[in-house]
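**Student:** If you scroll down you'll find the structure; I have some questions about it.
Only the coordinates and a few stated rules stand behind these numbers; no lab work does. Just so it is clear, the model here is predicted, and its values are computed rather than measured. Here Cβ is always computed from backbone atoms with ideal geometry, including for glycine, and neighbour counts include all displayed protein chains.
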């Protein structure tokens with residue numbers, strides 16, 4: 001069954017305001033922070049290993065960490081996700 005189409009005079013998209021959903025913001029913050037911590041532990045483990053691919057993996061993980069931290073900062077989630 002197809003979804004009914006909106007009349008052209010109604011906007012099709014809604015702007016979501018994350019500020020109204022403190023629990024969602026907190027959950028996202030916790031999830032991303034745990035991912036960052038996991039990547040940091042992987043980096044520490046790789047630094048102890050003398051494998052030829054370790055430097056490439058460390059570099060990749062560092063880029064991922066920087067992007068995740070940038071996400072937290074851009075969405076103002078760096079201090080727990082709740083203002």
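**Student:** Return one quarter of the surface area of the convex hull spanned by the alpha-carbon atoms of segment 22-74, equal to its mean projected area, in nm². Present the calculation step by step, with values, prior to reporting the outcome.
**Tutor:** Numbers: hull surface 14.0 nm².
Answer in nm², one decimal: 3.5.
**Student:** Could I have the simple spin-label model distance between residue 53 and residue 73, label points 7 Å from Cα toward Cβ, reported in nm to one decimal?
**Tutor:** For the pair residue 53/residue 73, the computed spacing is 3.1 nm.
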